[in-house]
Amino acid sequence: MKKVVITGGAGFIGSHLLRRMVNRYPDVTFVNLDKLTYAGNLENLLDIEHKPNYRFIKGDIVDGDFLTALFDAEQFDTVIHLAAESHVDRSIANPIEFVMTNVVGTVNLLNAARHCWNGNWEGKMFYHVSTDEVYGSLGEEGFFEESTPYDPHSPYSASKASSDHFVRAYHDTYGMPVLLSNCSNNYGPYQFPEKLIPLAIHNIKNSKPIPVYGKGENVRDWLWVEDHAAAIDLILQEGTTGETYNIGGFNEWKNIDLIKLLCTIMDKKLGRPEGTSAGLITFVRDRAGHDLRYAIDASHLNTSLGWKPSLQFEEGLEKTVDWYLANEEWLDHVTSGTYKQYYQQQYADR
């Protein structure tokens, strides 16, 4: 690993991964390739932007010619692919955007890497980061394993399932060295406030309604984002080429129970009477095709590589709340779009 491109590095998970990798591997060059959509924010990376082994390049993975020229110029030996449209509601409203970024964009990256490496696979790796949503929905029992058949139910999960299949196809057809991982729901600092936890924190802070789909009975497995970054790092260093690794937090929570816990934490942090924030909970019409339950079996990653989560959910959730309350300026920037205007103008001609 000498020169690594991380796609979507200005996003939530990507920024945490870049921060970890840039600081841990000072002799490796890391290039952050990001389109800077609404969820891509270079303010997430202010603490490493002047590191000598870090660079940012603005670009769109849907542009295949751009990627081919970039790979030829930079000669990356490692790709960690996180760039994706990831919000299920947005995929229901505009599925073609998810097809273009998540499917076509992934194939463009595979083609650029294949053209650049030209069959010389030694020292090369294409690491594709995916989601547990490709497996569909679970009942009250059972867990997603690496061998679980794909059964995506939303345009988002269908687009990610397709990209997974293309990555495996390039491994099987061309011999390209690949790694894949499928993770459960991430949470932590720097997450764009369209997702459940930061949205709820933002709304509670401003005494606005907290929208909860249906009756709040959908179950998700929650993964501390820094634990996810550590798992990606470990898999990249020690994983077996061609394999898939499921990454989960062993933290199943019903949405309504999570929100109630969050309300209790926020009341305490904000000095409000207990039960104040819970009064903001507002049940809304359920999402179309809403999967009931996700739960990851991460035992393969644990037994083969020794990874396990570092935090229990209650501890991680409190740390997340503390971060958002201490970084109100960041939250104000992303909710107002101020950061987007600044960075889009700064990189307009690049």
Has region 5-26 got at least one residue that is of a type in the set (D, E, K, R), free of Cβ contacts under 8 Å to residues at least 24 places away in the same chain and farther than 21 Å from VAL99 by Cβ?
no
Could you tell me whether any residue of region 230-243 is under 20 Å from GLU314 (Cβ atoms), assigned to a strand (DSSP E or B) and at pLDDT 95 or above?
no
Return the total of residues in region 75-103 being within 20 Å of GLY9 (Cβ to Cβ), over 18 Å from the mean Cα position of the chain (by Cα) and crowded, with 16+ Cβ neighbours inside 10 Å.
3
Name the residue, out of LEU18, LEU67, that is crowded, with 22+ Cβ neighbours inside 10 Å and under 19 Å from THR106 (Cβ atoms).
LEU67
Counting only residues in region 298-315 that are at pLDDT below 95 and touching a strand residue (DSSP E or B) at 6+ places or on another chain (Cβ under 6 Å), the one farthest from GLU217 (Cα to Cα) is identified as LEU311
Which of the residues that make up region 137-152 are out of contact with any helix residue (DSSP H, G or I) (no Cβ under 8 Å at 6 or more places or on another chain) and surrounded by 15 or more Cβ atoms within 10 Å (Cβ to Cβ)?
SER137, LEU138, PHE143
Is there a residue being touching an Asp or Glu at 6+ places or on another chain (Cβ under 9 Å), within 30 Å of TYR174 (Cα to Cα) and not in a helix (DSSP H, G or I) anywhere in region 247-260?
yes
Looking only at region 198-216, which residues are over 25 Å from the mean Cα position of the chain (by Cα), farther than 26 Å from GLY289 by Cβ and among the basic types (Lys, Arg)?
LYS208
Only one of these conditions is not met by PRO211: (1) in a strand (DSSP E or B); (2) of a type outside the set (A, V, I, L, M); (3) surrounded by 21 or more Cβ atoms within 10 Å (Cβ to Cβ). Which number is it?
(3)
Region 189-208, subset not in a helix (DSSP H, G or I) and not aromatic (Phe, Trp, Tyr), residue surrounded by the fewest Cβ atoms within 10 Å (Cβ to Cβ)
ASN206
Do we have ASN111 as of a type outside the set (A, V, I, L, M, F, W, C), on the phi < 0 side of the Ramachandran plot and modelled with pLDDT of 95 or more here?
yes
Assigned to a loop (DSSP other than H, G, I, E, B) and either of a type in the set (Gly, Ala, Ser) or in contact (Cβ under 8 Å) with a residue 40 or more places away in the chain (or both): which single residue out of GLU122, GLU133, GLU141, GLU85 fits that description?
GLU85
State whether one or more residues within region 249-267 are touching a helix residue (DSSP H, G or I) at 6+ places or on another chain (Cβ under 9 Å), more than 20 Å from GLU318 (Cα to Cα), at pLDDT 95 or above and not aliphatic (A, V, I, L, M).
no
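The values are calculated or read from the model by the stated rules, or taken from the named source; none is laboratory data. Predicted model, so just to flag it, every value in this text is computed and none were measured. So basically every Cβ, Gly included, is an ideal-geometry build from the backbone, and we count neighbours across all protein chains shown.
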